[in-house]
1. So for the pair THR147, VAL13, with labels modelled 7 Å out along Cα→Cβ, what separation do we get in nm?
2. Quick one: Karplus J couplings for segment 170-186, per residue in order, coefficients 6.51, -1.76, 1.60, θ = phi - 60°, nearest Hz, x for Gly and Pro?
3. With θ taken as phi - 60° and the coefficients 6.51, -1.76 and 1.60, list the Karplus ³J(HN,Hα) couplings across segment 212-223 in order, rounded to whole Hz; mark glycine and proline as x.
4. Calculate, in whole percent, how much of the Cα-Cα pair population of segment 154-232 lies beyond 14 Å.
5. Step through the table entries LYS64/LYS191; LYS133/LYS222; LYS41/LYS64, compare each Cα-Cα distance with 25 Å, and write down the pairs that go over it.
6. Sort ARG40, ARG225 by accessible area with a 1.4 Å probe, largest first.
7. Would you mind checking which residues have amide H under 5 Å from ALA19's amide H? H placed 1.01 Å from N; only 5 or more apart, or other chain.
8. Show LEU39, LEU70, LEU152 ordered by accessible area, largest first, where the area counts protein heavy atoms only and the probe is 1.4 Å.
Amino acid sequence: MEHLDMVKDKQQVEPIIEAYVGEYASGKSENAVNRAIYLRKQGLPVTIVDLDTVEPCYTLRPIKQELEDLGMEVVAWETRDTTGLGEAGNVIKASMRWVLRRKGNIIMDVGYGVHGARIFNLVEGAFENPYLKIIAVLNMSRPFTSTVDNILEYVQTLGRVDAVLNNTHMAEETTVQLVQRGAEGVTEAAKRIGVPVVATSAVTEIAEQIGPVDCMGNPVWKLERIMPRTFW
């Protein structure tokens, strides 16, 4: 994942603290994980936090060790720790509640929709943290965010949103044209909301065809598909 954005050097003064939210199948978890890996590969200290208390099937549990092997801190449940918590076991625990007290860079994968966004009420200091950026990941192939007007309505339900990210895709049927149409729509929506577009993200093959920026001038991030192997 190549980002020409917020990483200046290893002696960064301000931490990167980002929370990724979005509709179901928007690609928020994929972007969160890829972002964390990218920052870590730049030599930066990274903590990734699984704050998805909505989706029981896709979590960071299956790749927790893999991410730790890269040298990052992973704040997430492990399956062996969830006995008695039901099918999901996705409830917040103390290390998640106080995660913003950690030093370094923090990437948060938040549950989808308005229910997921409410998790910030349980994270100590979330709304007082001057570095926190809540990024709404938008896929214009999804029903709730398929038009600019739909995006405006959807983002309003999330409460605070500091930036948006275009991740328009249709899995294996994704085309350059589809991603670029998403870039146009998401950029227009961002202007009307009054927030920046962080980037357009796409799997490497598509991203390389688009180039370093999309048709609207937004940076293009390359994604490795990691989340399909986290299903458990």
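The values are calculated or read from the model by the stated rules, or taken from the named source; none is laboratory data. Keep in mind that this is a model prediction, so the values were computed, not measured. Here the Cβ positions follow ideal geometry from the backbone for every residue, glycine too, while neighbour counts run over all protein chains shown. What goes into the accessible areas is simple: the full protein's heavy atoms, side chains included, and nothing from ligands, DNA or RNA. Shrake-Rupley method; radii C 1.70, N 1.55, O 1.52, S 1.80 Å.
1. 4.6
2. The phi angles translate into 9, 6, 5, 8, 5, 10, 4, 4, 4, 5, 5, 4, x, 4, 5, x, 5 Hz.
3. x, 9, 7, 5, 9, x, 7, x, 10, 9, 8, 10
4. Beyond 14 Å sits 61 percent of the P(r) for segment 154-232.
5. Check vs 25 Å cut-off fails for LYS64/LYS191.
6. ARG225, ARG40
7. MET108, LYS133, ILE134, ILE135
8. Order by accessible area, largest first: LEU70, LEU152, LEU39.
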